[in-house]
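> Structure incoming, see below.
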Amino acid sequence: PNWSSINIENTLIQFNKNIDIKIDESKKIILINQKNKEGLVLFKNGKLTNWLIKFNGHKLSSNKDIKKETSYLTGCLNIYDLTLEKTSFDIENTVCEDAINFINSRGSIESIKVKNSFSDSVDMDFSNLKIKKIDIRNSLNDCLDLSFGKYQIDTLIVKNCGDKGVSVGENSKLDINFLMAEKTKMAVVSKDSSFVTLKEANIKNSDICFAAYRKKQEFSGGKIVIKDYNCDKEKIYKSIDSEINFL
């Protein structure tokens, strides 16, 4: 009910009445303003190349205003079945379950910046994505949550994550060149048949640096392979069916 839609480059953009959207086709910028916490946007199908998508959430005064999701969309900004090429996302002040949720999408992303999420920041499911840089700050829950897919990240910065810096689950594969994690409960988690490779990790003020375990019965444990890191080996957790290897 009350959803509007526009088309850009064969991509359908749907949004409800609580969203104000402005498109600058010459500069390839999409500016989305959330009028209140109920505002949702869905990008689906098609392909986006060289666009910058900016989402300004509706700033809240307290945690009790967190939006409880009633539709099938968990993100304030939802990317569904999209091919991306050199596209960037800049998101702040969100109160949905996820600030941005990628589902069944593929291609290359230049950058994702997320600030001030009242729950999770970035969620990616069933996708195959290469990302140059992700920078997430101030997330009350997980900063980055990946499942059922293949992901490559050149640079990942996560700061002030209420729970996990990066959580990889449900048979996913993640390669990270460089990670900087600061103030997380757990910096890197690989669970439920997932495999994380990490070339270089700089971790500060985290209770646990690396954790590998099984959470769901239908999967096996998780695996992490790390090359360079600066973390105490005491700050590591692994279950009996999981592996953490240092090269």
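The values are calculated or read from the model by the stated rules, or taken from the named source; none is laboratory data. This one's a predicted model, so the numbers in the text were calculated from it and none came from an experiment. Virtual Cβ from ideal backbone geometry, glycine too; neighbours counted across all protein chains shown. Areas reflect the complete protein model, heavy atoms only, side chains present, ligands, DNA and RNA absent. Shrake-Rupley method; radii C 1.70, N 1.55, O 1.52, S 1.80 Å.
> By average Cβ neighbour count within 10 Å, what is the ranking of 101-111, 162-172 from highest down? List each step's numbers first, then the result.
Details: 101-111: 19.7, 162-172: 23.0.
Taking the mean over residues of other Cβ atoms within 10 Å, the ranking is 162-172, 101-111.
> Let me make sure I get this right: for region 116-161, a, b and c are the square roots of the gyration tensor eigenvalues over alpha carbons, sorted descending. Under 1.5 in a/c it's rounded, otherwise prolate if a/b > b/c, else oblate. Which is it?
Working: a/c = 3.16, a/b = 1.45, b/c = 2.18.
Cα axes put region 116-161 in the oblate bin.
> Quick check: net charge around L247, other residues with Cβ under 10 Å of its Cβ, Lys/Arg +1 and Asp/Glu -1?
So the environment of L247 carries a net charge of +1.
> For region 30-158, compute Rh as the Kirkwood radius over C-alpha pairs and then the Stokes-Einstein diffusion coefficient at 25 °C and 0.890 mPa s; write the answer in µm²/s, rounded to an integer.
The estimated diffusion coefficient comes to 172 µm²/s.
> A follow-up question, please. About its Cα centre, what dipole magnitude does the chain give when the only charges are +1 on Lys and Arg Cβ and -1 on Asp and Glu Cβ, stated in debye to the nearest 20?
300
> Using a 1.4 Å probe over the heavy atoms of the protein chains, calculate the carbon and sulfur portion of the accessible area of region 7-165 as a whole percent.
On the way: 3040 of 6680 Å².
On region 7-165, the fraction of accessible area on carbon and sulfur atoms equals 46 percent.
> On the protein heavy atoms, probe 1.4 angstrom, tell me the percent of accessible surface of region 178-242 carried by carbon and sulfur.
Numbers: 1590 of 3350 Å².
The value for region 178-242 is 47 percent carbon and sulfur by accessible area.
> Additional query: Can you tell me the alpha carbon radius of gyration of region 172-247 divided by the globular rule-of-thumb value 2.2 N^0.38 Å?
In units of the globular-protein estimate, region 172-247 measures up at 1.01.
> So, one more: Net charge near E92: determine it from the other residues with C-beta under 13 Å of the C-beta of E92, scoring Lys and Arg +1 and Asp and Glu -1.
It works out to a net charge of +3.
> When only Cα pairs under 8 Å and 6 or more residues apart are kept, what is the percent relative contact order across the chain?
10
> Please list the three semi-axes, largest first and in whole Å, of the ellipsoid equivalent to the chain, using sqrt of 5 times the eigenvalues of its alpha carbon gyration tensor.
Ellipsoid half-lengths, sorted descending, are 31, 19, 16 Å.
> Follow-up question, since we're still on this one. Under a straight-distance cross-link criterion of Cα-Cα below 13 Å, which aspartates and glutamates are reachable from K47, leaving out those fewer than 8 residues away in the same chain?
Hits, sequence-local ones excluded: E9, D81, E85.
> Further, regarding this structure: Please report, for the Cα atoms of region 119-211, the Rg to one decimal and the Dmax as a whole number; what are they, in angstrom?
Using the Cα atoms of region 119-211, the pair Rg, Dmax is 11.4, 31 Å.
> Roughly how many Å² is the accessible area per residue of the chain, as a whole number, for a 1.4 Å probe? Don't jump to the answer; show the numbers that get you there.
Details: 11260 Å² over 247 residues.
Heavy-atom accessible area per residue stands at 46 Å².
> Same structure again: Give K204/K235; K183/K235; K132/K191 a once-over and call out the pairs whose C-alpha atoms are over 21 Å from each other.
In this structure, K132/K191 exceed 21 Å between Cα atoms.
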